[in-house]
Structures are given as C-alpha cells and as structure tokens.
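The block underneath contains the structure these notes are about, expressed in structure tokens.
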C-alpha cells in the first residue's frame, strides 16, 4: 500500500472521530470517538516511521500515545461515572452547569 | 512446502484499512451504544493488523493488549454502569449533525488534498524492518526520561481515578 493510502486511511478515521465528538450526545460515546482520533494519529506516526525511521523511534512514540490514551480513558470514565451519579444523566447536552 | 503468504500482504493491508474505516463509521453512527463499543474493538483490531503488515509487531501486540484488552473493557464497564443497553429509540446524535458533517468533510478534503499533492514515495525509500530489540533499546536509552515519566503519570492517573470516583460518606 503506498504511503498516501496510509495517510488517507488515518485522515478518514480522524474525521470520523471528529464527527463523533461533534454529534454524539452520550458522554461515553464522545470518549469512544476521541479514542478513534488518537488511534488515527497513531496510525499516521507509524506510517511515517516506515519511511524515515531506522531506530524504532516511531514505534516508541506510538507506544507513548497508547499509554496516554489509556490514562485519558481511565480519568475520563471516572469523571463520567461521578457525573452520572451526581446528575443522573449521561447526555452531554444536559450537563451545562459547572456548579449547581 | 509452505505456501508463500507474502503475496497476500497487499490484500490484508487494504482489507484491514477498509475494515477499520467501516467499523469506525459504525462507532460514530450506531444507535445501540454497546454495538458501537464492539465496532470500536473491531476498528482497533484492524489497525493492529495494519501494524503487523508494516512489521511493527511489538506495537501491534501492545495495541491489542492495551486498547482492545484494557480500554475497551473499561468502556464496556462504563456503558453497563450508566445506561446499560438502553433504549434504542432515544436519539444518540444532537441537532448539529448537518454542520458537523460539513465541517468534518471540509477537514477531510483538506487533509486528503495535502496528502495527495506530495509525492511521499519519492521522498525516501521505505526503511527495513526494525527488530523489537532495537525498539526496546531506543525505549530505554534515548527515551528513558519520558518512559519513566509515563510511569509517574500512570500512578497519578490511578490515584486520581480512585479519588474522583470514590463514594464520599457524609461526615458524622
């Protein structure tokens, strides 16, 4: 597969994630769309590394992104669960008060 | 005699790419949230397949272990602890669907046009396969500081997640 096809796959996945973040009402679904975007960025890093990288730095950076995505998912889901317990709602468009 | 499987590699490659995109579409448009989570798993597995194709074996296994194994389990837990399977008649998308689609399409066209305009394959020859040992050596030599910082971040995340989600009892 030529490198441009990799980039187009990654761009498509990223745009799908962007669409999900903009349209989803469920907070968990928004988090899932963010994971899709992070994954697309990772795919881009790995595709570029195939061209330029002989020391495995691209894979190392991609590994860091996966670790950060895991951290983000843990904290994000903890916040969503707490908000759900407090506000009794999972819909992001219901949650418009910072305090109240 | 073992058959030569490398001739199928381009097909695996394109198949994984198409599967990742189709499953990704299902993630952001599905009505039943749990099905979206399963589609996310399929999309992440297809991306792991793409990593295998470019011989990033270690990364592919890490992707399956961390993304499909851990993050997807967490997401399934979060779905079950909140709405569960839910009512599929409740709309999952807000009213910004049309503007969101237009913005997304504009970003996509921009990215694709920039990508297509550059002759990537003439810029540099593809590198040979990077062995796992080299990746490991790079990880603990040039990238030792970020590697250690990640572990501090993990501890902070764990404590933070426990502190956020712990049920607080009222003071007696």
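The set of residues in segment B:77-118 that are more than 7 Å from chain A (Cβ to nearest Cβ) and either in contact with a strand residue (DSSP E or B) (Cβ under 6 Å, 6 or more places away or on another chain) or buried (at least 16 other Cβ atoms within 10 Å of the Cβ) (or both) contains only B:86.
Of all residues in segment B:119-147, count the ones that are part of a loop (DSSP other than H, G, I, E, B), more than 7 Å from chain A (Cβ to nearest Cβ) and in contact (Cβ under 8 Å) with a residue 12 or more places away in the chain. Spell out the reasoning first.
Within segment B:119-147, the first condition is being part of a loop (DSSP other than H, G, I, E, B), and the residues that meet it are B:119, B:124-131, B:141-143.
Those still in the list that are more than 7 Å from chain A (Cβ to nearest Cβ) too: B:119, B:125, B:128-129, B:131, B:141-142.
From what is left, the residues that are in contact (Cβ under 8 Å) with a residue 12 or more places away in the chain are B:129.
Residues meeting the conditions: 1.
For segment B:22-44, a residue qualifies if it is touching a residue at least 12 places away in the same chain (Cβ under 8 Å) and either under 12 Å from residue A:36 (Cα atoms) or at the interface with chain A (Cβ under 7 Å from one of its Cβ atoms) (or both), and the qualifying residues are B:23, B:24, B:26, B:27, B:33, B:37, B:39, B:40, B:41, B:42, B:43, B:44.
If residue A:11 satisfies all but one of (1) surrounded by 24 or more Cβ atoms within 10 Å (Cβ to Cβ); (2) at the interface with another protein chain (Cβ under 7 Å from one of its Cβ atoms); (3) in contact (Cβ under 8 Å) with a residue 24 or more places away in the chain, what's the number of the condition it fails? The failed condition is (1). Does residue B:71 count as within 8 Å of another protein chain (Cβ to nearest Cβ), touching a helix residue (DSSP H, G or I) at 6+ places or on another chain (Cβ under 6 Å) and under 23 Å from residue A:74 (Cβ atoms)? Spelling it out, residue B:71 is indeed within 8 Å of another protein chain (Cβ to nearest Cβ), touching a helix residue (DSSP H, G or I) at 6+ places or on another chain (Cβ under 6 Å) and under 23 Å from residue A:74 (Cβ atoms). Within segment B:153-162, the presence of a residue that is farther than 25 Å from residue A:82 by Cα, in a helix (DSSP H, G or I) and out of contact with any strand residue (DSSP E or B) (no Cβ under 8 Å at 6 or more places or on another chain) is excluded.
Of all the listed residues (A:61, A:28), the sole one being without any contact (Cβ under 8 Å) to a residue 60 or more places away in the chain and assigned to a helix (DSSP H, G or I) is A:61.
A short reminder: the numbers here are calculations on the coordinates, not readings from a lab. Because the structure is a prediction, the values reported are computed rather than measured. Note that we place each Cβ from the backbone using ideal geometry, even for glycine, and neighbour counts take in every protein chain shown.
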